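Data first, discussion second: the structure below is written as structure tokens.
The values are calculated or read from the model by the stated rules, or taken from the named source; none is laboratory data. Quick caveat: nothing in here was measured; it's all calculated off a predicted structure. So basically every Cβ, Gly included, is an ideal-geometry build from the backbone, and we count neighbours across all protein chains shown. Remember, those area values only see protein heavy atoms, side chains included, never the ligands or the DNA or RNA. Shrake-Rupley method; radii C 1.70, N 1.55, O 1.52, S 1.80 Å.
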Amino acid sequence: MKKMKVIGIVGSPRKNGNTNILVQQVLEGAAEAGAETRTFILNEMNYKGCQACDYCKSHDKCKLEDDLAGLFEEMKTADGIVFGAPIYFGQFSGQMRLFLDRCYSLINADFSPRLPAGKKAIIIGTQGAPDPAAFQGVYEEFKGQISNFMRMDVKDTLVGVGYHAPGEIKNNIELMEKAKNTGLNLFK
């Protein structure tokens, strides 16, 4: 039996931050279930935003040969992808937005996906705002985009609400357990 592969894409500049902690919990659960896991910290990668050159529409990849080229290859072979980003100024962090713009190279000119359909996806968000519904639109929109453009099966969206200091989220035992169980059950 083929070993499942799950990658985490972290759009937070804080390596020890709440977003990455939640992503790692999901990956830990997936690893316990037998998956091979790997994390990509966007803030530590060297990449530019989409250049709107449309090279990717006449070729099967982005023209920019930066650190995202390797990540896109990993996304092709991954069975599951955990997308994690904090909310900054009412939207996903700039690191995640730049990455998402470049995902334009993962769809064909007719908007059909280049990635194999049916990959399992988890969306992780963290926000300082105490109202869980404050940025629900951001998560819903992103879920729609990866479902439509990439034909991913979004299994769950987990949001850490009201956290500011890095690592604070560890005190939310219920959310930490839920994140781990989400990873454990990703392919069930």
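Can you pull out the residues in segment 98-122 that are free of Cβ contacts under 8 Å to residues at least 12 places away in the same chain and more than 16 Å from SER147 (Cβ to Cβ)?
ASP110
Would you mind telling me which numbered condition in (1) touching a helix residue (DSSP H, G or I) at 6+ places or on another chain (Cβ under 9 Å); (2) within 16 Å of VAL23 (Cβ to Cβ) TYR139 fails?
Every condition holds for TYR139 apart from (1).
Go through segment 104-147 and count every residue that is hydrophobic (A, V, I, L, M, F, W, C), in a loop (DSSP other than H, G, I, E, B) and closer than 21 Å to ALA69 by Cβ.
Number satisfying all stated conditions: 2.
Does any residue in segment 47-63 that is more than 14 Å from ASN108 (Cα to Cα) and of a type in the set (Phe, Trp, Tyr) come within less than 8 Å, Cβ to Cβ, of a residue that is open to solvent by 60 Å² or more (accessible area, probe 1.4 Å) and at pLDDT 95 or above six or more places away or on a different chain, and which pairs are these?
Pairs found: TYR47/ASP67; TYR47/LEU98.
Which of the residues spanning segment 148-177 are outside any strand (DSSP E or B) and under 13 Å from the mean Cα position of the chain (by Cα)?
MET150, MET152
Run ILE87 past the list (1) part of a strand (DSSP E or B); (2) hydrophobic (A, V, I, L, M, F, W, C); (3) within 15 Å of PHE40 (Cβ to Cβ) and report the number of the one that doesn't hold.
For ILE87, the exception is condition (3).
Any residue in segment 143-156 that is farther than 24 Å from ALA35 by Cα and either surrounded by 15 or more Cβ atoms within 10 Å (Cβ to Cβ) or charged (D, E, K, R) (or both)?
Taking every residue of segment 143-156 in turn, at least one turns out to be farther than 24 Å from ALA35 by Cα and either surrounded by 15 or more Cβ atoms within 10 Å (Cβ to Cβ) or charged (D, E, K, R) (or both).
Hey, any hits in segment 171-180 for a residue that's open to solvent by 70 Å² or more (accessible area, probe 1.4 Å), aliphatic (A, V, I, L, M), out of contact with any helix residue (DSSP H, G or I) (no Cβ under 9 Å at 6 or more places or on another chain) and modelled with pLDDT of 95 or more?
Looking through segment 171-180, at least one residue is open to solvent by 70 Å² or more (accessible area, probe 1.4 Å), aliphatic (A, V, I, L, M), out of contact with any helix residue (DSSP H, G or I) (no Cβ under 9 Å at 6 or more places or on another chain) and modelled with pLDDT of 95 or more.
Just for segment 81-107: of the residues that are aromatic (Phe, Trp, Tyr) and crowded, with 18+ Cβ neighbours inside 10 Å, which one is nearest to VAL10 (Cα to Cα)?
Applying the filter and picking the extreme gives PHE83.
Of these, PHE111, PHE142, PHE149, which one is of a type outside the set (Gly, Ala, Ser) and farther than 25 Å from SER58 by Cα?
Every option except PHE142 fails the conditions.
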